[in-house]
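Only one structure is covered here, and it is reproduced in the block below.
The values are calculated or read from the model by the stated rules, or taken from the named source; none is laboratory data. Owing to the predicted nature of the structure, the values given are computational and were not obtained by experimental measurement. Note: ideal-geometry Cβ built from the backbone for every residue, glycine included; neighbour counts use all protein chains shown.
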Amino acid sequence: MNDITSNVLKGDSRSIARLITLAENNDPIAANAMKVIHPKTGNAHVIGITGVMGSGKSTLIFELSREYRKKGLKVGIIAIDPTSPFSGGALLGDRIRMMELATDAGVFIRSMGTRGMLGGLTSAVYDVVEILDASGKDIIFVETVGVGQAEVDVIKLADTTLVTLVPGLGDSIQTIKAGIMEIADIYVVNKADRPGVEQAVAEIESLIDITCSEKDRKIPVLTTIAKQSKGIVELVNEIENHKNYLKNTKMFEAQRKKRYEAELIEIIRKRLMNLIFDESIFKDKVESLIDQISKKKVDPYTVADEILGKILK
Amino acid sequence: MERKIRVLIAKPGLDGHDRGAKVVARALRDAGMEVIYTGLHQTADMVVETAIQEDVDVIGLSLLSGAHMTLFVDVTKLLKQRGMQDVLVVGGGIIPEQDAPKLKKAGVSGIFGPGTHCDEIVNFIKKNVKR
Amino acid sequence: MFDEKELEKIKQHKDKWLKDIYSNHVKKHPERKKKFENLSWNEIKNIYTPDDIAHLDYIKDIGFPGEYPFLRGIHPTKYRGRLWTFRQFSGFGSAEETNKRYKYLLDHGETGLSVAFDYPTLYGYDTDHKMSRGEFGKCGVAISSLEDMEILFSGIPIDKVTTSMTINGPAAIVWAFYIANAENRKIDRRIIGGTIQNDILKEYIAQKSFIFPPEPSMRLIVDTFEFGYKEVPKWNTISISGYHIREAGSTAVQELAFTVGDGVEYVKWAMKRGLKIDDFAPRLSFFFNAHNDFFEEIAKYRAARRIWAKELKRLGAKKSRSLLMRFHTQTAGCSLTAQQPEINISRVTIQALAAVLGGTQSLHTNSMDEALALPSEKAVRIALRTQQIIAHESGVTDTVDPLGGSYYIEWLTDKMEEETYQYWDKVDKLGGVLPAIEKGFYQREIANAAYKYQKEIEEKKQIVVGVNDYQMDEPVEIPILQMDEKGEERQINRLKKLRKERNNQKVEKNLSALRKAAMGDENLMPYILDCVHSYATLGETCQVLRDVFGEYKEPAIY
């Protein structure tokens, strides 16, 4: 076990990958490894990218990664796609856009399914960010599932959150509205060679004026054509600017604390669920309890009281 | 929590026929597996590096151009070099019967040619996954 | 099309028949399925009658062969005048081996040549390129230089026989090899005939052997249109293809809609360049699949002819020759089974017959062993004989468009045309063909159809004889094509020798000139011809274009 942690800290891909799997599967080995790793984290700049399907998130990450690699920085990429609620399986296809980086030793890409978690992320993502951080990655991209109103958990995780859009969505910007539009630290209008760019930028800027007038940082709206590597250098600069802004205003710490809070909650939630449904005396009784609730013989609050009462004793 | 089987579907070499690879990817997803599809034009290096990072249980190689004896074996050789014999390797596409024994010896455990029922592939994987 | 009163009488009679005879019969003897659907999942009725096609006007909608809208054929005499070309797609290993196969096919009655290239060639790589590893000659012949082209056609009368070349990304360069070879043999470029597939849109959609991004690819294609009608007037500079779209899993309607839609797109691009439609349109050709549903395929070809004629007229073509859709057909590779391969002969026969009844100008019949390997001599000979039997023994060539007027066929033709325009509406709403490709519209439609079809086979809603029914455990016992193992080594040595012995200064000069021209907007064909004549290789010439145009990466669609 010590082997795997020390190899992760050395940056060995195989060990990083194995530890991620263990973390994803809630293996106790992972929990112990995470304890050793945590003190070695904190260096990486975590950049969350969210946006509608087809806005070019993966290509953008690919281009940004290439730019960071030119500067000699190491990059980790976590690409999250939805797990089918019916089959439990997932088609993890973001990686296709990044295959040219597959053999670059300074880049590590991991595809993950949401595995039932809502909010656009996956339960193990906090662990994966820490693992990649500890293994020496300077930049960690988290590409979330394409966006509706609910996939905003990324703001708890990332230092800098990018929201991507494409021109010609028309009234979709209106429908995106609050929620997703409030979480961006930087807006990126990608595929800017399509008609409707100026309009898209104008609409976003007016939305920023409405929703974010109190904040003292003007949220930038950038345009890119990721496929042609256009606008990438400017975007990297803005990301850097944002990091500096966070550090100068001491918001960096506050943002990090939000992440650790979310991580703690997730660890506890998983533990509790595991305890109740997989390990406790209730694990075989759950189905019959739910059956009783359904037959109105008992209500869910009473059941919860009973379970928690016994567990917490 | 139930472990998910992670499968890498790769198209090595120049072959652009991806109908089968995509159909199989979907079928495996419907069977509850996490499927990573690399897209076209993969070298053995790219396939193996991806397999490492994604910590896959299975690699499925799809080839219809006739270059399987070279390209599939490139992948299995590299996997051996990197100490990854615990990854199950299967192949599909246009692979003549007479080449199957050589491929099996080189480390391709299952070969699924035209007319294969997707369930056959799913069951084979579930039965033979090594971890 | 029919007298109102007669029609009314027929309708009433039909209703009576349905209520009395049909319903009663079905009560005692139910039909084999609740719903009969063709391969585009269109429901097919129990019977078709005059009222199903009464809305058609014979002269305007159906007409006569050789006359607008060309539904019944583009020639007044069709096969009574001249049979279709027997053109077997062929190629493997090195140029020497394929040259032998071409001579074999011509000896056995083939009337046109068709070149299959190996993957490295299709992607514009020389045999010794690192991406060519393991791929030499496996699915076609390797052509890396003009010298290879010379060997490929050595002893073959290319002034008398036409050649179709299935090449897309580097089509302009390979065409230049062919032209240069002819010129070296003192054959005037003005008399050589043939086709280059040169259809990049379907590469993005289905076959995936693209190299450059869309805009420069379209530029190159229009360059070939222009060079073609001016310099090589007997050459078809494009074969707008549905075959591969179908092989990727599309339905027949999608094949029709996407292919003819691509055709219209090419015409628009050429016109944008300033080319006159009547100059280049006569040399546009098409390439369709011949799949399993016999009548649907026939209806598809007929609908294609009529739609094309309408569209070209709408776009301003004035000459009759501009409105003619000429097409080559190949029987469906994806329908062949590896199990009990001999029965593929039966499949191919039905598919070929559909193509003939649909009026194809040229035909390739698959060999029975092609789900296993490239065709053996015996297998390809049988495939050729299949065409010859249809041509000479079946009698179907005695009259033009024998199925014209069939209530089913005319109804289905009309329906497929209607559904084509519905697809075109969808594409328009997405912004046109290129935006739709970029948004993955076609790819998604195709992937969904492929998956649905596979599920139906697995659920036995669709029977594939020998695969999910009538299976046997019998081992496959037909001989498989063996290729010359020394071929690759010979090829690489030849390339090395070529690069040493040619005038490398001249090659450099020509490649530089090509690079400069590629960055501008001149027609690139003359520059490519110069490179080719000086024995620049395919890979070297293509690399120049790769450098200038970039390489295309496809959207990730399942």
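Things worth noting here:
- Residue check, B:M33 more than 13 Å from chain C (Cβ to nearest Cβ), farther than 30 Å from C:L122 by Cβ and in contact (Cβ under 8 Å) with a residue 60 or more places away in the chain: yes
- Identification of helices (runs of 4 or more DSSP H) wholly contained in region C:162-250 with 1 or more residues that are outside the structural domain of C:E265 (by TED's automatic domain parsing), buried (at least 23 other Cβ atoms within 10 Å of the Cβ) and out of contact with any Phe, Trp or Tyr (no Cβ under 7 Å at 6 or more places or on another chain) yields no element.
Yes/no per residue for (1) of a type in the set (A, V, I, L, M); (2) modelled with pLDDT under 95:
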position: C:F2; (1), (2): no, yes
position: C:E6; (1), (2): no, yes
position: C:K34; (1), (2): no, yes
position: C:N38; (1), (2): no, no
position: C:Y58; (1), (2): no, no
position: C:I62; (1), (2): yes, no
position: C:G66; (1), (2): no, no
position: C:P69; (1), (2): no, no
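- The residues of region A:101-145 that are surrounded by fewer than 22 Cβ atoms within 10 Å (Cβ to Cβ), at pLDDT 90 or above and either closer than 14 Å to A:R18 by Cα or within 14 Å of another protein chain (Cβ to nearest Cβ) (or both), listed by number, are A:L101, A:A102, A:T103, A:D104, A:A105, A:G106, A:R115.
- Residue match in region C:327-340 (condition: in the same structural domain as C:V380 (by TED's automatic domain parsing) and either free of Cβ contacts under 8 Å to residues at least 40 places away in the same chain or among the acidic types (D, E) (or both)): yes
- Any chance C:K202 is touching a His at 6+ places or on another chain (Cβ under 9 Å), of a type in the set (K, R) and at positive phi: no
- Filter result (more than 23 Å from the chain's Cα centre (by Cα) and either of a type in the set (G, A, S) or part of a helix (DSSP H, G or I) (or both)) within region A:235-262: A:N248
- The sole residue among A:K310, A:K283, A:K257, A:K250 that is within 30 Å of A:D185 (Cα to Cα), loosely packed, with under 14 Cβ neighbours inside 10 Å and either at pLDDT below 90 or touching a strand residue (DSSP E or B) at 6+ places or on another chain (Cβ under 7 Å) (or both) is A:K250.
- A single entry from C:T413, C:T337, C:T329, C:T360 fulfils the requirement of being part of a helix (DSSP H, G or I) and among the hydroxyl-bearing types (S, T, Y): C:T413.
- Beta carbons closer than 7 Å, at least 6 apart along the sequence or on distinct chains, pair a first residue in region C:231-257 that is away from chain B (no Cβ under 14 Å) and of a type in the set (V, I, T) with a second that is surrounded by 24 or more Cβ atoms within 10 Å (Cβ to Cβ) and in a loop (DSSP other than H, G, I, E, B) for C:T237/C:N198; C:I238/C:N198; C:I238/C:D199; C:I240/C:D199.
- For region B:103-119, filtering for residues that are within 14 Å of chain C (Cβ to nearest Cβ) and over 14 Å from the mean Cα position of the chain (by Cα) leaves 5.
- Residue list for region A:165-217, filter: modelled with pLDDT of 85 or more and under 23 Å from A:M251 (Cα atoms): A:A184, A:D185, A:I186, A:Y187, A:V188
- Contacts under 8 angstrom Cβ, first residue in region C:469-487 being facing chain B (nearest Cβ under 10 Å) and in contact (Cβ under 8 Å) with a residue 60 or more places away in the chain, partner acidic (D, E) and in a loop (DSSP other than H, G, I, E, B), 6 or more apart: C:I480/C:D369; C:L481/C:D369
- Within region C:10-25, the set of residues being under 27 Å from C:A54 (Cα atoms), surrounded by 11 or more Cβ atoms within 10 Å (Cβ to Cβ) and free of Cβ contacts under 8 Å to residues at least 12 places away in the same chain comprises C:H13, C:K16, C:W17, C:L18.
- Matching residues, region A:1-18, being more than 9 Å from chain B (Cβ to nearest Cβ) and in a helix (DSSP H, G or I): A:N2, A:D3, A:I4, A:T5, A:S6, A:N7, A:V8, A:L9, A:K10, A:S15
- Boolean, B:V87 is touching a Pro at 6+ places or on another chain (Cβ under 7 Å) and either in contact (Cβ under 8 Å) with a residue 12 or more places away in the chain or away from chain C (no Cβ under 11 Å) (or both): no
- Residue within region B:30-53 that is surrounded by fewer than 21 Cβ atoms within 10 Å (Cβ to Cβ), among the small types (G, A, S) and within 17 Å of A:A17 (Cα to Cα) present: no
- Residue match in region C:149-158 (condition: within 20 Å of C:F287 (Cβ to Cβ) and more than 18 Å from the chain's Cα centre (by Cα)): no
- Test: residue in region B:39-47 that is touching a helix residue (DSSP H, G or I) at 6+ places or on another chain (Cβ under 8 Å), farther than 30 Å from A:G11 by Cα and within 14 Å of chain C (Cβ to nearest Cβ): no
- With respect to the conditions (1) within 13 Å of another protein chain (Cβ to nearest Cβ); (2) under 18 Å from the mean Cα position of the chain (by Cα); (3) at positive phi; (4) of a type outside the set (D, E), A:V52 lacks only one, and its number is (3).
- Subset of region C:450-490 [surrounded by 15 or more Cβ atoms within 10 Å (Cβ to Cβ), under 30 Å from C:D128 (Cβ atoms) and either of a type in the set (D, E, K, R) or touching a His at 6+ places or on another chain (Cβ under 9 Å) (or both)]: C:E488, C:R490
- Checklist (1) farther than 23 Å from B:C118 by Cα; (2) in contact with a Ser or Thr (Cβ under 9 Å, 6 or more places away or on another chain) applied to B:D30, failing item: (1)
- Filter result for the condition that a residue is within 14 Å of chain B (Cβ to nearest Cβ) and within 23 Å of C:V267 (Cβ to Cβ), over C:I200, C:I196: C:I200
- Check on C:D547, more than 30 Å from B:H117 (Cβ to Cβ), surrounded by fewer than 16 Cβ atoms within 10 Å (Cβ to Cβ) and in contact (Cβ under 8 Å) with a residue 12 or more places away in the chain: yes
- Flag not set for A:P220, criterion: within 14 Å of another protein chain (Cβ to nearest Cβ) and either loosely packed, with under 13 Cβ neighbours inside 10 Å or at pLDDT 90 or above (or both).
- Out of C:N493, C:N504, C:N523, one residue alone is over 21 Å from C:E150 (Cα atoms), among the polar types (S, T, N, Q) and either free of Cβ contacts under 8 Å to residues at least 12 places away in the same chain or surrounded by 15 or more Cβ atoms within 10 Å (Cβ to Cβ) (or both). It is C:N523.
- Given (1) under 21 Å from the mean Cα position of the chain (by Cα); (2) within 14 Å of another protein chain (Cβ to nearest Cβ); (3) of a type in the set (S, T, N, Q), number of the condition A:N43 does not satisfy: (2)
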